[in-house]
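Quick note: the coordinates plus some simple rules give every number you see, no bench work behind them. Fair warning: this is a prediction, and the values are worked out from it, not measured in the lab. Using ideal geometry, Cβ is built from the backbone for each residue, glycine included, and neighbour counts are taken over all protein chains shown.
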2 protein chains.
Amino acid sequence: MSDDTPGTRWLSADERQSWLALSRTLITLPAALDAQLQRDAGLNHFEYVVMAMLSEQPDHALPMSQLSSVVAGSLSRLSNVVKRLEARGYVRRDGHPEDRRVKVAHLEEAGWQALVAAAPGHVEHVRHLVIDAMRPRELAQLRNALLKVLDRVDPEGRSVITEPT
Amino acid sequence: MSDDTPGTRWLSADERQSWLALSRTLITLPAALDAQLQRDAGLNHFEYVVMAMLSEQPDHALPMSQLSSVVAGSLSRLSNVVKRLEARGYVRRDGHPEDRRVKVAHLEEAGWQALVAAAPGHVEHVRHLVIDAMRPRELAQLRNALLKVLDRVDPEGRSVITEPT
DNA sequence: CGGCATTAGTTGCATCTTGAAGTTTCAACC
DNA sequence: GGTTGAAACTTCAAGATGCAACTAATGCCG
């Protein structure tokens with residue numbers, strides 16, 4: 001890129017390399033995750049995350065908008081996904097007794113089963129692609145850096161992710 | 001997740017936090033990039049990357065399949081995108097004189113102009129979300145970790161990205 | 001109470017992506 | 001030199017996403 005716009009702070013060679021690595025990861029990794037899950041479990045990554053987050057709630061349930069924060073997706077996207085999962089019998093949507101605007105997504109038994117069936121292969125894959133690809137030290141550094149990015153992307157930071165120890 | 005499958009090495013708490021941070025980034029950051037570029041330049045991130053990579057070639061041109069490696073996207077996806085860019089007059093596809101199977105994507109003047117117009121805002125945004133969000137040291141660590149991931153995701157490693165210095 | 005802004009969620013539409021299948025060209029092999 | 005296999009692309013149908021518009025319920029404020 002040319003540097004004829006004095007007002008813009010272009011990236012240094014090092015910064016550019018880092019950005020390219022991240023940019024490439026954003027294009028490549030989701031495709032790899034989707035492919036494995038789709039092939040082995042008939043789910044895409046986002047669907048998996050939605051069910052996984054539900055499964056970690058004490059009662060396997062969460063209102064739609066809270067769920068959308070937890071999975072970091074738009075409410076619109078979540079609504080579509082939950083509709084699909086509901087059609088497969090993986091999830092149910094109940095009304096909320098105290099606030100009739102709220103719909104509570106509830107993981108069904110079949111959804112739990114699908115999750116349990118998909119989890120080992122998925123974890124295996126994640127381990128292979130990320131966790132086992134580097135030393136614990138480097139993994140911690142990765143988390144540290146990504147948390148700073150997430151803080152910029154979503155300043156509200158309703159992230160469930162805790163600070164590194 | 002339950003640990004009743006002895007054969008699976010589940011993630012430790014630390015590993016899980018790191019994976020969640022990455023997973024969340026994969027969902028969140030592309031949306032942020034697309035939103036800015038779409039709003040300010042009428043391009044999505046992938047379209048931008050395609051034109052940017054073309055612009056960095058000596059002759060502003062590259063065969064489709066080589067381009068698809070450089071941008072790390074599938075050939076099918078690239079074909080669709082280039083067709084759109086061609087319809088806007090941003091790119092042209094020429095035949096290759098020595099191998100008639102090959103189509104060479106060529107960045108047009110209008111595409112170059114669009115890129116030059118979009119770049120400052122995009123770089124600004126990338127700086128804000130990633131580069132300026134952390135210290136140079138941490139940025140280097142981020143790159144180091146992501147390169148290891150990329151090595152697993154695409155073992156062929158036709159990446160143009162060089163090793164950290 | 002009556003209106004007004006806000007919150008929760010869904011949906012329609014236009015766009016994008018993917019995966020499979022098809023075309024054309026080249027290379028290799030006997 | 002024909003056949004077979006692979007490579008380079010494109011295309012099409014099916015599914016996924018985002019945005020904006022919409023409904024509906026709640027909260028608030030005078």
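Considering only the stretch B:124-131, I want to know if a residue exists there that is within 15 Å of DNA strand C (Cβ to nearest atom) and on the phi < 0 side of the Ramachandran plot. Checking the stretch B:124-131: not a single residue is within 15 Å of DNA strand C (Cβ to nearest atom) and on the phi < 0 side of the Ramachandran plot.
Residues checked against (1) in contact (Cβ under 8 Å) with a residue 12 or more places away in the chain; (2) more than 16 Å from DNA strand D (Cβ to nearest atom); (3) facing another protein chain (nearest Cβ under 7 Å):
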position: B:Lys103; (1), (2), (3): yes, no, no
position: B:Trp112; (1), (2), (3): yes, yes, no
position: B:Ala117; (1), (2), (3): yes, yes, no
position: B:His122; (1), (2), (3): yes, no, no
position: B:Ile131; (1), (2), (3): no, yes, yes
position: B:Pro136; (1), (2), (3): no, yes, no
position: B:Leu147; (1), (2), (3): yes, yes, yes
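Would you confirm whether or not the stretch A:85-100 contains a residue that is of a type in the set (A, V, I, L, M, F, W, C), in a helix (DSSP H, G or I), within 14 Å of DNA strand D (Cβ to nearest atom) and farther than 30 Å from B:Asp132 by Cβ? Yes, that holds for at least one residue.
Determine whether the stretch A:46-54 contains at least one residue that is among the acidic types (Asp, Glu), surrounded by 15 or more Cβ atoms within 10 Å (Cβ to Cβ) and either out of contact with any helix residue (DSSP H, G or I) (no Cβ under 9 Å at 6 or more places or on another chain) or closer than 30 Å to A:Arg100 by Cβ (or both). Yes, the stretch A:46-54 has at least one match. For the stretch A:67-82, the set of residues classified as near DNA strand C (Cβ under 7 Å from one of its atoms) and surrounded by fewer than 20 Cβ atoms within 10 Å (Cβ to Cβ) consists of A:Leu75, A:Ser76, A:Ser79, A:Asn80, listed by residue number. Consider A:Asp40 carefully, then state whether it is more than 8 Å from every other protein chain (Cβ to nearest Cβ), in a helix (DSSP H, G or I), surrounded by fewer than 17 Cβ atoms within 10 Å (Cβ to Cβ) and within 11 Å of DNA strand C (Cβ to nearest atom). When the stated conditions are applied, A:Asp40 does not pass them. Starting from residues that are within 12 Å of DNA strand C (Cβ to nearest atom) and assigned to a helix (DSSP H, G or I), keep the ones in the stretch A:55-66 and report whichever is surrounded by the fewest Cβ atoms within 10 Å (Cβ to Cβ). Only one residue tops the list, namely A:Ser65. On the given criteria, is A:Glu15 away from DNA strand D (no atom under 14 Å from the Cβ), more than 7 Å from chain B (Cβ to nearest Cβ) and acidic (Asp, Glu)? No: the conditions fail for A:Glu15. Are any of the residues in the stretch B:60-68 touching a Pro at 6+ places or on another chain (Cβ under 6 Å) and either closer than 24 Å to A:Ala32 by Cβ or within 11 Å of chain A (Cβ to nearest Cβ) (or both)? No, there is no match, as no residue in the stretch B:60-68 is touching a Pro at 6+ places or on another chain (Cβ under 6 Å) and either closer than 24 Å to A:Ala32 by Cβ or within 11 Å of chain A (Cβ to nearest Cβ) (or both).
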